[in-house]
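First the structure, in the form of structure tokens, and then the observations on it.
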Amino acid sequence: MRDSLASLINGQVDMRVVGSIGSAADALGICWETTPDLVLMDACTDNNESGIAAAAEIRAQCPAIKIVIMTGMPEITYMDSSKKAGVDSFLYKNVRSEILLATIRSTMEGYGTFPKEAPSVLPGKLSFTDKEIAVLRLVCEAKSRKEIARELAMSEGSVKAVISDILDKTGYDSILKFAVFAVSKGYIKPNI
């Protein structure tokens, strides 16, 4: 995929690839070496390295570099995490090459591109509130209700109510069963 993208980009008269790496852990270093105008990075790279975390480092240390995050993963929080990391644009890999190139160009012109919403990959086109996603992520990290309450500054009763709402939406009878499903399908990538 990386070679195909490099070939596509190098085929443009107004673009040139100055570096290509497999691991987000090397991203900041190559930015210092090659001083790119824009970084196009996968949300999850080799060795399970976070491209979003690398984007946050690049934004902090090289603020002039434009950053576009791409992902083929259905993880439901990547887009919001990317925004918080300060990326300029976000794309899902299933876009046509014309859209990718147009996004790179518009990002270089100072325009941010973010999909209106993540593609619906949850059963029954479910949508979750930010609070539900935060609780679900911590459940997927094997946190207890007490730990979730402490981390999110909520009461245990409020955590229980949010979990009940998630179960009502999904039809599952156990939050642990839904957590296993969500992780196995790639909807949630636990930070463990």
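Going residue by residue through segment 68-77, is there one that turns out to be of a type in the set (D, E, K, R) and closer than 30 Å to LYS185 by Cβ? Yes, some residue in segment 68-77 is of a type in the set (D, E, K, R) and closer than 30 Å to LYS185 by Cβ. Of all residues in segment 125-168, those that are part of a helix (DSSP H, G or I), charged (D, E, K, R) and surrounded by 19 or more Cβ atoms within 10 Å (Cβ to Cβ) total 2. In segment 55-63 there is no residue matching the filter, namely being polar (S, T, N, Q), free of Cβ contacts under 8 Å to residues at least 12 places away in the same chain and surrounded by fewer than 17 Cβ atoms within 10 Å (Cβ to Cβ).
Got a sec? Which of THR45, THR113 is surrounded by 17 or more Cβ atoms within 10 Å (Cβ to Cβ) and not acidic (Asp, Glu)? Before the answer, list the steps.
On the way: THR113 fails: surrounded by 17 or more Cβ atoms within 10 Å (Cβ to Cβ).
The match here is THR45.
Among the numbered criteria (1) β-branched (Val, Ile, Thr); (2) under 21 Å from LYS116 (Cβ atoms); (3) surrounded by fewer than 19 Cβ atoms within 10 Å (Cβ to Cβ), which one does ILE30 miss? Answer for ILE30: the failing condition is (2). How about segment 18-35: which of its residues are closer than 21 Å to ILE52 by Cβ and assigned to a loop (DSSP other than H, G, I, E, B)? Listed by number, the residues that qualify are GLY19, SER20, ILE21, GLY22, SER23.
Within segment 51-85, being over 12 Å from the mean Cα position of the chain (by Cα) and either at pLDDT below 90 or part of a loop (DSSP other than H, G, I, E, B) (or both) holds for CYS62, PRO63, ALA64, ILE65.
Can you name every residue in segment 160-185 that is aliphatic (A, V, I, L, M) and either within 27 Å of MET73 (Cα to Cα) or touching a Pro at 6+ places or on another chain (Cβ under 7 Å) (or both)? Please lay out each step first, then the result.
Narrowing segment 160-185 to residues aliphatic (A, V, I, L, M): 161-163, 166-167, 175-176, 179-180, 182-183.
Answer for segment 160-185, where residues must be aliphatic (A, V, I, L, M) and either within 27 Å of MET73 (Cα to Cα) or touching a Pro at 6+ places or on another chain (Cβ under 7 Å) (or both): VAL162, ILE163, ILE166, LEU167, ILE175, LEU176, ALA179, VAL180, ALA182, VAL183.
Take ASN47 and tell me if it is under 30 Å from CYS140 (Cβ atoms) and either touching a helix residue (DSSP H, G or I) at 6+ places or on another chain (Cβ under 9 Å) or modelled with pLDDT of 95 or more (or both). Criteria met by ASN47.
The single condition from (1) exposed (fewer than 14 other Cβ atoms within 10 Å of the Cβ); (2) in contact (Cβ under 8 Å) with a residue 60 or more places away in the chain that ILE9 fails is (1).
The values are calculated or read from the model by the stated rules, or taken from the named source; none is laboratory data. Just so it is clear, the structure is predicted and the values come from calculations on it, not from any experiment. Ideal geometry is used to build each Cβ from the backbone, glycine not excepted, and the neighbour counts take in all protein chains shown.
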